[in-house]
Amino acid sequence: MCVCTGKCPGFAKMDIWDFINRVRIELPVEYGFIHPQLCEEDGDRFLDDYLRSSRKYMVAGCAPNMQYKLFRDAFKKAGLDVKKDLIPLDIREMSTSGAVDLVEKTLKILEEDAKNE
Ligand code: SF4
């Protein structure tokens, strides 16, 4: 989860801690965490250290087209294809439950797609 420093009004309708805790405890993900601002310089450094090839990353935060643009270089550097290996979710203006539901629904779609491959 990326939260625009945590002060952005776009995330005011949800409890970001409830959201990430529900995702990591209730849903089939490896883990979940919050980064304050992935599109800043320290976010770039974090992505350089964190991204590994042959993995998929779901980022709940801003609009998908923004995420594709902001993270393209970092994914490329890590040997990943941002269009395939990033699953960007726009959760701004959502309630905690609405955002958790979106993650759950997206994970189900990914699971179905993986079964059909
Ligand atoms: S990557 Fe998106 S959600 Fe994260 S800080 Fe930047 S604009 Fe906000």
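The values are calculated or read from the model by the stated rules, or taken from the named source; none is laboratory data. As the structure is a computational prediction, the values presented were derived from the model and not from experiment. Cβ placement follows ideal geometry from the backbone for every residue including glycine, while neighbour counts extend to all protein chains displayed.
Which one is surrounded by the fewest Cβ atoms within 10 Å (Cβ to Cβ), of the residues in segment 31-72 that are assigned to a helix (DSSP H, G or I) and away from the ligand (no atom under 13 Å from the Cβ)? Let's see the steps before the verdict.
Applying the first criterion (assigned to a helix (DSSP H, G or I)) to segment 31-72 yields 41-50, 64-72.
Restricting the remaining residues to those that are away from the ligand (no atom under 13 Å from the Cβ) gives 45, 48-50.
Details: R45: 11, D48: 12, D49: 9, Y50: 15.
Checked segment 31-72; the qualifying residue surrounded by the fewest Cβ atoms within 10 Å (Cβ to Cβ) is D49.
Does F75 satisfy being buried (at least 17 other Cβ atoms within 10 Å of the Cβ), among the aromatic types (F, W, Y) and over 12 Å from the mean Cα position of the chain (by Cα)? Spell out how you get there, then give the answer.
Numbers: buried (at least 17 other Cβ atoms within 10 Å of the Cβ): yes; among the aromatic types (F, W, Y): yes; over 12 Å from the mean Cα position of the chain (by Cα): yes.
Judged against the criteria, F75 is a match.
Out of all the residues in segment 41-64, which are farther than 15 Å from K77 by Cβ and within 13 Å of the chain's Cα centre (by Cα)?
K56, M58, V59, A60, G61, C62, A63, P64
For I25, only one of the following conditions fails: (1) over 26 Å from G79 (Cβ atoms); (2) near the ligand (Cβ under 9 Å from one of its atoms). What is its number?
All conditions are met except number (2).
Taking the options R55, R72, name whichever one is touching a helix residue (DSSP H, G or I) at 6+ places or on another chain (Cβ under 9 Å) and modelled with pLDDT under 95. Give the derivation first.
Values: R72 fails: modelled with pLDDT under 95.
From the options R55, R72, the qualifying one is R55.
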